[in-house]
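The values are calculated or read from the model by the stated rules, or taken from the named source; none is laboratory data. As the structure is a prediction and not an experimental result, all values here were calculated from the model. Glycine also receives a Cβ, built like all others from the backbone with ideal geometry; neighbour counts cover every protein chain displayed. With ligands, DNA and RNA removed, areas are computed over all heavy atoms of the protein, side chains included. Shrake-Rupley method; radii C 1.70, N 1.55, O 1.52, S 1.80 Å.
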Amino acid sequence: MLLEQLSVHAFIQNNQLKTETGKPLDFHMHRYLFDIYSDNSPLLCCIKAGQIGFSTLGIIKTIWLAKNKRLDVGYILPTVDMVEKFVGSKVNRMAQQNPVMENWFKDKNSIKQKQIGENYIFYLGAQTDRSAIMLSLDMLVADEYDKSPQDILEIYNSRLQHSNYGYKWVFSNPTIPDFGVDRFWGMSDKKMWHIKHSCLNIYPMTEDCIDYVQEKYICPHCKGEIQAENIRMGEWVATADGKWSGYWIPLWINPIMTADKIADYKRTSTKEYFSNFVAGLPYINSTNQITEAILDGNLINKVNSQEGRIIIGVDTGHNIHYTLANKDGLFYHGYCESVFEHSQHSNDTSYDPYDELEKLLIQYPRSIMIADQGGDLIGIRKLQQKYKGRVFLCWFTKETKNQQLIRWAENDEEGKVLVDRNRMIQLTVDEWKEKRFPIYGSKEDWKPFYAHCMNMYRVKEIDGKDENDPQYGWRWVWKRKGGDHWCLSAVYARIGLDRFAQDLAQIIHKGGVMQGVPRAGNFNITTEYHDVDF
């Protein structure tokens with residue numbers, strides 16, 4: 001019994017543990033999982049392909065640790081719906097197959113928590129299970145990390161502050177570079193599965209070992225075929241120094257996955273799918289992000305006339321970011337530090353960041369402000385009351401079933417503008433792509449703005465639940481991998497231009513600005529829009 005408390009493998013062996021389908025756990029063909037089961041590092045990340053047995057690993061290890069190390073564990077999945085399916089179809093079914101687990105759960109056994117002795121495993125949905133943020137935990141396991149809202153996951157980290165353990169484990173298919181699980185992988189020792197070939201060379205099993213013409217695994221040194229047994233008998237080897245224990249698990253290190261199957265994935269899958277779910281690597285197509293080159297194409301290194309109506313786009317929140325534009329394009333971006341930040345270097349207790357925004361409204365008497373309504377409940381609304389007809393609050397909505405992107409509310413709701421979020425961001429990016437939304441100034445002037453724009457990327461989300469979905473079961477969704485506030489403030493400014501821009505838009509050519517070229521609607525895109533896949 002003591003050995004079971006020290007070794008998860010002894011626990012598995014002595015109790016003849018089975019999967020949720022009743023099959024015995026098999027480390028003969030899944031030898032690459034053996035060391036990961038044994039690894040109890042406080043900081044552990046696995047960047048992985050799909051369907052490689054990690055749900056079973058996560059369930060068994062957290063149950064075993066809760067019992068034998070007396071940890072309170074938070075097992076986090078992206079949504080409550082995923083939690084219900086995970087616990088119902090996997091955790092509970094595994095307990096039914098394994099009497100030792102079922103016996104441990106007898107005191108408290110529900111979808112959201114399992115009591116094991118005096119400790120608990122809490123199964124949490126990151127997107128909607130906000131009340132669980134108040135829990136005190138010893139261990140966080142974030143499964144499908146990249147699919148969860150990153151800001152909520154960061155808040156969950158605070159639940160470990162009072163623990164003597166502070167375990168954090170992250171498992172996920174990657175999405176884009178330097179985001180989610182890929183960030184933790186970058187801070188890890190980067191263990192890769194190394195094989196020893198019959199030619200006696202030892203090397204990591206990477207995609208370089210796949211010959212897509214012959215559809216065989218080929219040694220990159222002797223060009224001989226790599227056999228399944230070579231792959232099965234591989235070993236994990238650290239390739240870097242890092243405080244995280246990290247594992248990269250592509251699909252091809254599973255010895256039952258033949259090279260012709262990998263080749264078929266390569267032929268029939270998108271590059272994104274193959275990278276994320278077969279190779280277990282991050283990927284982003286240049287068409288799915290705002291690149292430096294796209295923004296460079298809009299730069300006009302001269303002073304904007306600042307004539308006509310000025311539009312002030314504002315992203316509110318803990319800090320305030322704003323961007324100024326007129327019919328000619330964007331010409332300034334700024335930042336109002338929070339009251340807390342201001343207090344760190346000033347004794348001025350009367351400071352209010354919204355005073356800075358009011359100065360802009362005074363400086364430009366005919367200006368219009370379009371501000372995010374969700375970040376602040378008081379400050380921006382005070383400005384709206386004081387400057388009636390000049391300050392509009394923007395509410396982002398889900399995809400509409402028609403081509404209307406922007407709706408300016410009237411009557412009792414005047415001062416509100418409803419906007420189709422993802423398609424409005426897409427339109428702004430399309431205009432930058434087509435060099436139709438000028439940015440006045442030098443590249444150095446706009447360096448912080450660039451950084452926020454380049455943190456935005458789009459992914460294709462599959463729905464399929466609603467046959468009336470505007471994009472037939474899938475949609476483009478714009479997400480962020482870091483601060484995006486200045487980029488969103490430009491989107492708010494672009495919304496204002498829809499209604500308040502004057503005269504003609506401009507089109508940029510390599511030689512500069514071509515004046516007086518009309519554009520459909522003269523910035524008015526309220527009633528007509530075509531989704532351009534740039």
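Odds and ends about this structure:
- Filtered residues of the stretch 227-239 (kept if of a type in the set (D, E, K, R) and open to solvent by 60 Å² or more (accessible area, probe 1.4 Å)): 229, 235
- Listed here are the strands (runs of 3 or more DSSP E) enclosed by the stretch 77-159 that have at least 2 residues being touching a Phe, Trp or Tyr at 6+ places or on another chain (Cβ under 6 Å) and within 21 Å of residue 179 (Cα to Cα): 139-143.
- Which numbered condition residue 415 fails, given (1) in contact with a helix residue (DSSP H, G or I) (Cβ under 8 Å, 6 or more places away or on another chain); (2) at negative phi: (2)
- Whichever residue in the stretch 410-429 is assigned to a helix (DSSP H, G or I) and without any contact (Cβ under 8 Å) to a residue 12 or more places away in the chain and, among such residues, is surrounded by the most Cβ atoms within 10 Å (Cβ to Cβ): 413
- Selected residue (criterion: surrounded by the most Cβ atoms within 10 Å (Cβ to Cβ)) from residues of the stretch 173-193 that are in contact with a Lys or Arg (Cβ under 7 Å, 6 or more places away or on another chain) and not aliphatic (A, V, I, L, M): 173
- Restricted to the stretch 136-156, and to residues there that are surrounded by fewer than 15 Cβ atoms within 10 Å (Cβ to Cβ) and modelled with pLDDT under 80, the residue that is nearest to residue 86 (Cα to Cα) is 149.
- Failed item, numbered, when residue 203 is tested on (1) aromatic (Phe, Trp, Tyr); (2) touching a residue at least 24 places away in the same chain (Cβ under 8 Å); (3) open to solvent by less than 30 Å² (accessible area, probe 1.4 Å): (2)
- For the stretch 444-489, the candidate set comprises residues that are touching a helix residue (DSSP H, G or I) at 6+ places or on another chain (Cβ under 8 Å) and of a type in the set (Val, Ile, Thr); within that set, the residue that is modelled with the highest pLDDT is 477.
- Subset of the stretch 82-96 that is open to solvent by less than 70 Å² (accessible area, probe 1.4 Å) and touching a residue at least 24 places away in the same chain (Cβ under 8 Å) - its residue that is farthest from the chain's Cα centre (by Cα): 94
- 3 or more residues of a type outside the set (Val, Ile, Thr) and within 19 Å of residue 48 (Cβ to Cβ): qualifying strands (runs of 3 or more DSSP E) within the stretch 195-255: 235-238, 245-249
- Every listed requirement among (1) among the acidic types (Asp, Glu); (2) open to solvent by 70 Å² or more (accessible area, probe 1.4 Å); (3) touching a residue at least 24 places away in the same chain (Cβ under 8 Å) is met by residue 307 save one, (3).
- Residue within the stretch 163-184 that is without any contact (Cβ under 8 Å) to a residue 24 or more places away in the chain and touching a His at 6+ places or on another chain (Cβ under 7 Å) present: no
- Any hit, the stretch 41-60, residues being open to solvent by 40 Å² or more (accessible area, probe 1.4 Å) and at pLDDT 90 or above: yes
- Matching option when the condition is buried (at least 20 other Cβ atoms within 10 Å of the Cβ) and more than 22 Å from residue 26 (Cβ to Cβ), among 224, 242, 246: 246
- Listed conditions (1) closer than 23 Å to residue 310 by Cβ; (2) open to solvent by 90 Å² or more (accessible area, probe 1.4 Å); (3) of a type in the set (A, V, I, L, M, F, W, C) are all met by residue 340, apart from (1).
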